[in-house]
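Structure first, commentary second.
The values are calculated or read from the model by the stated rules, or taken from the named source; none is laboratory data. What you are looking at is a predicted structure, and each value in this text was computed from that prediction instead of being measured. Cβ coordinates were reconstructed from backbone atoms using ideal geometry, including for glycine residues, and neighbour counts include every protein chain displayed. Each accessible area value is taken on the protein alone, full model and side chains, heavy atoms only, with ligands, DNA and RNA left out. Shrake-Rupley method; radii C 1.70, N 1.55, O 1.52, S 1.80 Å.
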Amino acid sequence: MLDLQTRCTLAKDIVDLRSALSYLSTIPNQLLTTREPVDPHAELAGVYKLIGAGIPVAPPTRIGPAMLFENVKGYDMQVVTGVLASRERTALLLNSSVERLPFELLRALNQAIAPVVIPQSQAPCQQVIHHSPDLDLRKLIPAPTNTLQDAGPYFNLGLLRAEDPETKEADVTIHRLCVQGPDLLSVYFVPGRHIDQFRIKAERLGKPLPISISMGLDPAVYLAACFEPPTTPLGFDELTIAGGLRQRPIELVDCVSVAAKAIAHAEIVIEGEILPQERIREDIHTNTGYAMPEFPGYLGKAQAALPIIRVKAVTHRHKPILQTIIGPGEEHTNLAGIPTEASIFRLVENSMPGRLLNVYAHSAGGGKYLAILQFRKSSIRDEGRQRQAALTAFAAFSELKHIILVDEDVNIFDTNDVLWAMTTRYQGDVSTIFIPGVRCHPLDPSQSPEFSPSITAEGISCKTIFDCTVPYHLRDKFQRAEFIEVDLARFLS
Ligand code: MN
């Protein structure tokens, strides 16, 4: 049960997960709480698919409230999912608006604030401490399996924090963690990710890499952590952006068992080391062949050889809440997509000020594959610049696959309106730009040589620009029918 003494009624006062949930509980239809016993093995995700996961989860699904499961079968801990599974709720939690979210992240990036370290005695995440070997992850924390084909139970909102073994620069990133034993986790890094580069350095030195895994966090921390290069290059501590979002430093605490720091206000922290040279097959205990549902909506393949984390301690709050994401859906879209929007806006704005009005990393691409750009052509000399903006967006985020360009009178957050533009302001043969043979994010299954003769290897894609803007010299023919402005209140009272 939520402790109502921590009741939070203003978004600006959110400091952790439970103040965020307390805040949501004051707003209609944003937090659903159930006492019905739920099995973390596939049932919890099955429930949330219907309540609020959203596309690309297979229909039937919808965008809905976050959901707190107070009674998880076999465990004392509660589980919450879907905290960021609506753009409207994400905006509420950041004290922003649906349209302004990427601009809020950019403000935070420009006003970044470094984290501070607080004493262990003041860190809520260390109220209860379990040391190895007197702990069994499998019994202590209700890690969900999202489908019956998952390789095992996963922590998939674990915020890893580690430091470069040489430069001591810090990085925070979410990586999927499969529970492989009482004190063992496997960790999957997409190639190139920053903490993996720290791990490779440590391995070359023959050393383990100490890490913390913080779970159940202020939503601002999760969002900031999802920035990627070039906006946040290697060595850039994304927690400084979270500090910028909240306009106060994020508080860290020294771990109790390893030389690492964790988020002091986390619900749960797993402390451990990534072991050099050791690897594990992700589905070693289940042999399902699959990992878990990935952001494009398909089951990911189990990885053959993943790095291993040896857990040294687990610390948590009194009555901790495990936070989870079920895989694909609106929550992934917001986590991945809003930082992507900020990155695209920043680079295009720096290149051609005042033309790009807004950008939306659409749910259909999980926040990564599809972006809709709203572009204003102010003169005939702006004709063609919209396509340059699209090329710049590809440079801002290398995993983008499709870009839809629309004019300023189209609502980029209304897919009906975007498809209207694609229907009435687009001719396939002249409005489509193909850029074949470019590397993209590896999880799109259409990116295979069997699918297309222009694809030479897995992960290569044909990036495409759909230019649904009106050619500037034809703009008079494309005025939308205008209706008069009315005082609606009179008709609703
Ligand atoms: Mn990074």
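A few remarks follow.
- Charge-dipole axis of segment 4-331 as Lys and Arg at +1 and Asp and Glu at -1 on Cβ define it, positive-most pick from HIS131, LEU44, GLN180: LEU44
- Heavy-atom surface of the chain, accessible at 1.4 Å and reported per residue (Å²): 42
- Inter-label distance, nm, simple model (7 Å from Cα along the C-beta direction), ASP134/GLN427: 7.7
- ASN416/ARG439 FRET efficiency (R0 45 Å; Cβ-Cβ; nearest 0.05): 0.85
- Cα centroid separation, segment 402-450 to segment 21-57 (Å): 32
- On Cα atoms only, tilt of 194-204 relative to the major axis of the chain in degrees: 50
- Debye intensity ratio I(q)/I(0), log10, segment 1-155, q values 0.14, 0.15 Å⁻¹ (C-alpha model): -0.90, -1.01
- Dimensions of segment 223-336 from C-alpha coordinates, computed as largest minus smallest value along each principal axis and given longest first, are 46, 34, 34 Å.
- Using only alpha-carbon positions in segment 283-398, the gyration tensor eigenvalues give semi-axes of 39, 17, 13 Å once each is multiplied by 5 and square-rooted (largest first).
- Dipole size of segment 352-474 about its Cα centre, with +1 on Lys/Arg Cβ and -1 on Asp/Glu Cβ: approximately 380 debye, rounded to the nearest 20.
- Integer Hz, Karplus 6.51/-1.76/1.60 couplings in order for segment 483-493, x for Gly and Pro: 9, 6, 6, 10, 8, 5, 3, 4, 8, 10, 7
- Computed over the Cα atoms of the chain, the ratio of the radius of gyration to the Kirkwood radius (Rg/Rh) comes to 0.98.
- Between the listed residues THR324, THR26, PRO449, the Cα displaced farthest toward the positive end of the dipole of the chain, a dipole computed from Cβ unit charges relative to the Cα centre, is found at PRO449.
- Whole-percent carbon and sulfur share, accessible surface of the chain, 1.4 Å: 54
- Between helix 330-351 and the chain: long-axis angle, C-alpha atoms, 0 to 90°, nearest 10: 50
- Over 20 Å between alpha carbons, listed pairs LYS139/LYS319; LYS201/LYS301; LYS261/LYS368; LYS207/LYS261; LYS377/LYS477; LYS168/LYS261: LYS201/LYS301; LYS261/LYS368
- About its Cα centre, segment 1-60 has a charge dipole of approximately 180 debye under the convention of +1 per Lys or Arg Cβ and -1 per Asp or Glu Cβ, with nothing else charged.
- Here the label points at PHE451 and GLU408, each 7 Å from Cα along the C-beta direction, are separated by 3.7 nm in the simple model.
- About the Cα centre, charge dipole magnitude for the chain (Lys/Arg +1, Asp/Glu -1 at Cβ), debye: 320
- Sequence-separation-based contact order of segment 119-259, relative, with Cα cut under 8 Å and 6+ spacing, percent: 24
- One decimal place: the segment SER378-ARG310 gains 18.7 nm when fully extended, by the rule 0.36 nm per residue minus the C-alpha distance.
- At R0 = 51 Å, FRET efficiency that the Cβ-Cβ distance of GLU43 and ILE484 yields, to 0.05: 0.45
- The residue list ALA304, THR145, ILE338 was ranked by how far each Cα lies along the charge dipole of the chain toward its positive end, using unit charges on Cβ atoms, and ILE338 comes out on top.
- Centroid-to-centroid separation of segment 128-147 and segment 273-323 [C-alpha atoms, Å]: 13
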